[in-house]
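Heads up, the thing below is written out as structure tokens.
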Amino acid sequence: MAGERDVAGGNGVWGRGWRGPLSGLLDLFFPPLCHQCRGFIPHAGRVHVCPACLATSRPVEPPLCTICGVPFPAPAGIDHPCGPCLTTPPPFAAARAAFLYEGAIRDLIHRFKYDGAVQVRRPLALLMADRLAPLAAEKAPDLLVPVPLHVRRLRQRGFNQAVLLGALLSREWQIPLGRRALRRIRWTEPQVNLAAKERLANVRGAFAVTDRARVEGKRVMLVDDVLTTGSTLAECSRVLLRAGAAEVCAVTIARVAWD
Ligand SMILES: [Zn+2]
Ligand SMILES: [Zn+2]
């Protein structure tokens, strides 16, 4: 019963959660299988990714940049703003990712986005909810806003991965979801095909706030799947701030490692 809160409160995804005396019986009929290797997970929590698969993706751990969240290579030290954030501060107050974009997390995101494996959204969102709960508690956002897809891309894919993740985060963190707060008003090249410096130009002017009143004076938390250079999140933040948002921060499942 308390399980729903345990995960959001950061007590760990491997906690016993709601599993009571019936859990053995449930495991018999609905064995918890790992979304990645399909292996049976004994004593599974709510996240059905086995510890061995999860260990193939490093979580983003301190020390990291207090603004963009990039982890520093040095194993010890305190969090501080990184060089690029000091020279050109991004419009968002903070961006945080749960994992580095590698291993099982990378595969799961790939299957979710490109193979339409929407069932994978649940473990990904629960891992995000658990690992990024400290930021949600610190920033106390009024609204979660998924990064929108262009309607053409939405038709191709059939769903917006950021909306599906945002809906689960909204439930876990008890923060309202503004699923249409932002919309994409211009078609853009997929960012993966572009070099870092072309990315910002590519997304410039691509987003618009649909309802100013919804974001005015609000603390907004953007939700997306992967952070690469942060250009998309920066542009969404700029648009939200221009519409009167009080502060914008961002969360993603994964971020591309420091390069
Ligand atoms: Zn596994
Ligand atoms: Zn930084």
Inset, instruction - Sequence neighbours fewer than 8 away in the same chain don't count; with that in mind, list the lysines whose C-alpha is under 16 Å from K139. - result: K218
Legend entry - Cα-based equivalent ellipsoid of the range 111-230: semi-axis lengths in Å, sorted from largest, via gyration tensor: 22, 19, 14
Inset, instruction - Only Lys, Arg, Asp and Glu count, each charged at its Cβ (+1, +1, -1, -1), so figure out the dipole size of the chain about its Cα centre, rounded to 20 debye. - result: 900
Inset, instruction - Please say if the range 121-180 is rounded, prolate or oblate, where rounded means a/c under 1.5 for a ≥ b ≥ c the square roots of the C-alpha gyration tensor eigenvalues, and otherwise the choice is prolate for a/b larger than b/c and oblate otherwise? - result: prolate
Legend entry - Net length gained if the chain between E189 and D211 were fully extended (0.36 nm per residue, minus Cα distance): 5.3 nm
Inset, instruction - Calculate I(q)/I(0) for the chain by the Debye formula, one identical point scatterer on each C-alpha and no solvent, and give its log10 at q = 0.15 Å⁻¹ to two decimals. - result: -1.11
Legend entry - Sorted by Cβ neighbour density within 10 Å, fewest at the top, the residues I109, I175: I175, I109
Legend entry - Listed residue (L135, V226, I78) projecting farthest to the positive dipole end of the chain, Cβ model: V226
Legend entry - Relative contact order computed over the chain (Cα-Cα under 8 Å; 6+ residues apart), in percent: 20
Legend entry - Residue-by-residue Karplus 3J(HN,Hα) for the range 139-146, coefficients 6.51, -1.76, 1.60, Hz, glycine and proline x: 7, 6, x, 7, 8, 9, 10, x
Legend entry - Top positive-direction residue, dipole computed over the chain with Cβ charges, set G39, L108, V49: L108
Inset, instruction - Count the DSSP beta bridges whose two residues both fall in the chain, then state the antiparallel fraction as a percent rounded to the nearest 5. - result: 25
Legend entry - Value of [θ]222 nm, deg cm²/dmol, for the chain, DSSP H segments ≥ 4, -39500 (n - 2.57) each, nearest 500: -10000 deg cm²/dmol
Legend entry - Relative contact order of the range 142-257, defined on C-alpha pairs under 8 angstrom at six or more residues apart (%): 29
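Just so you know, all these numbers are worked out from the coordinates, no wet-lab data involved. All values reported here derive from a predicted model rather than from experimental measurement. All Cβ positions, even for glycine, are placed from backbone atoms using ideal geometry, and neighbour counts span all protein chains on display.
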